[in-house]
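Peer 1: Below are the structure tokens for one structure; questions will follow.
We did not get these values from a lab; they are worked out from the coordinates using the rules stated. Quick caveat, the model's predicted, so the values are computed rather than measured. Here the Cβ positions follow ideal geometry from the backbone for every residue, glycine too, while neighbour counts run over all protein chains shown.
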Amino acid sequence: MINKIMSLFPSLKPKVQEQGYKPPLAIRALRAALETIVNTLGLNCNNELMVELLKILDPSITVKLPGGQSIIFTTGHTRLLWRARTLLTEETSTIEWIDTFDSADVFYDIGANVGSYTLYAAKTKGVRVFAFEPEINNFQLLYSNIYKNELFDLCVPLSIACHDSTAMQTFYVRDFSKGDATHSVGRVAKYVQSAPRMFEVETLCMKLDDIIETFKLPPPTKIKIDVDTNELYVIRGLIKTLPVIKEICVELDMDFDEHRELVKILQDAGFEIIREHQIYQRRGITLHNVFFRKTLQKT
């Protein structure tokens with residue numbers, strides 16, 4: 001029955017790929033119809049039947065990997081389906097970069113969201129991963145995905161916002177929605193044009209240098225930074241750690257002054273750009289994944 005209903009919405013996959021987190025018209029219509037049914041039948045009421053039904057429901061998807069392995073992702077939201085289905089295609093350069101890791105690497109995934117690249121690195125390369133994600137909906141899903149894939153021996157989820165100071169700061173959450181992005185510490189994310197459901201919450205921020213020193217974490221050899229225009233602040237908070245880092249992947253807009261400053265900091269620290277891959281271009285904004293490699297040890 002469910003498959004017959006879903007066959008009425010053939011546009012799900014291509015539209016979601018095109019629009020990212022924005023659901024296509026067919027899915028919005030389906031949501032409206034289901035909300036009407038739920039409200040009409042009173043299915044949101046507090047009774048044993050509905051509580052037990054919700055307890056049983058645990059939608060997930062298994063993504064097959066080229067090497068014969070697979071990763072399980074918790075879904076329950078169209079955006080989460082999209083994230084899982086596009087694991088290998090949304091940012092191919094990130095996947096190709098992770099494919100170069102070896103088991104001796106320590107990977108810090110800063111802005112891990114629901115853990116797509118955390119899980120891929122741990123599952124395919126057997127590396128130790130520290131995944132940083134301060135937004136509570138995403139952190140819960142990150143935790144769930146690590147659990148479902150039995151990867152707690154390799155993955156450590158940390159609900160800490162990496163920044164340039166260790167302090168409580170205002171966290172601007174774009175929407176209280178699973179798998180969402182463009183949340184930002186200290187200011188509204190640069191590219192958020194309209195967010196009627198945005199709210200503010202105080203959250204713990206720490207310099208990565210302080211996190212490593214305080215909690216005695218193994219320093220990273222590889223780092224991915226995707227924190228929606230606050231990348232410079234993350235770099236400023238790991239200056240003492242830079243000498244031991246071998247490679248960094250960071251999402252950059254080279255028309256943004258802060259990102260040009262970030263590049264200079266890394267180049268002055270002995271890193272050079274080894275690859276750039278455009279991942280977004282719309283409304284005059286162009287974003288690249290930029291990959292840096294340590295080529296010169298500064299004294």
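Peer 1: Compute the helix-to-body angle for 25-41: its Cα long axis versus the longest principal axis of the chain, expressed 0 to 90° and rounded to tens.
Peer 2: The two axes meet at around 50 degrees.
Peer 1: By how many degrees, between 0 and 90 and to the nearest 10, does the Cα long axis of helix 116-125 differ from the longest principal axis of the chain?
Peer 2: Taking the Cα atoms of the chain, the angle to 116-125 is about 70 degrees.
Peer 1: What do you get for the angle between helix 136-148 and the principal long axis of the chain? Use alpha-carbon atoms, 0 to 90 degrees, nearest ten.
Peer 2: So the inclination is approximately 90 degrees.
Peer 1: Just rank S93, S103, S60, fewest to most, by other beta-carbon atoms within 10 angstrom.
Peer 2: Lowest to highest Cβ neighbour count: S103, S60, S93.
Peer 1: Between the alpha-carbon centers of the range 173-221 and the range 22-72, tell me the distance in whole angstrom.
Peer 2: 27
Peer 1: Next up: How charged is the neighbourhood of I72? Take every other residue with its Cβ under 15 Å from the Cβ of I72, and add Lys/Arg as +1 and Asp/Glu as -1.
Peer 2: Neighbourhood net charge equals +3.
Peer 1: For the residues V250, V188, V114, what sequence is obtained by ranking on other C-beta atoms within 10 Å, fewest first?
Peer 2: Arranged by neighbour count, lowest to highest, V250, V188, V114 become V188, V250, V114.
Peer 1: Could I ask something else about it? Need the list of aspartates and glutamates near K222 for cross-linking: C-alpha distance under 14 angstrom, and skip anything on the same chain fewer than eight residues off.
Peer 2: E96, D99, D102, D105, D109, E247
Peer 1: Compute the signed sum of charges (Lys and Arg +1, Asp and Glu -1) over the other residues within less than 14 Å, Cβ to Cβ, of L151.
Peer 2: +1
Peer 1: Further question: Take the cross-link list K64/K207; K64/K190; K125/K294; K125/K216 and give me the ones stretching past 25 Å between alpha-carbons.
Peer 2: Beyond 25 Å between Cα atoms: K64/K207; K64/K190.
Peer 1: Sort E258, E200 by Cβ crowding within 10 Å, fewest neighbours at the top.
Peer 2: So the ranking, lowest neighbour count to highest, is E200, E258.
Peer 1: Which is farthest toward the positive dipole end of the chain among F101, Y143, P59, measuring Cα position about the Cα centre, with Cβ charges +1 (Lys, Arg) and -1 (Asp, Glu)?
Peer 2: The listed residue farthest towards the positive side: P59.
Peer 1: Another question about this same structure. Out of all DSSP beta bridges with both ends in the chain, state the antiparallel percent to the nearest 5.
Peer 2: 60
Peer 1: Can you match semi-axes √(5λ) of the Cα gyration tensor in Å to one of these, (1) 58, 24, 14; (2) 34, 21, 20; (3) 33, 23, 17, based on a calculation from the structure here?
Peer 2: (2)
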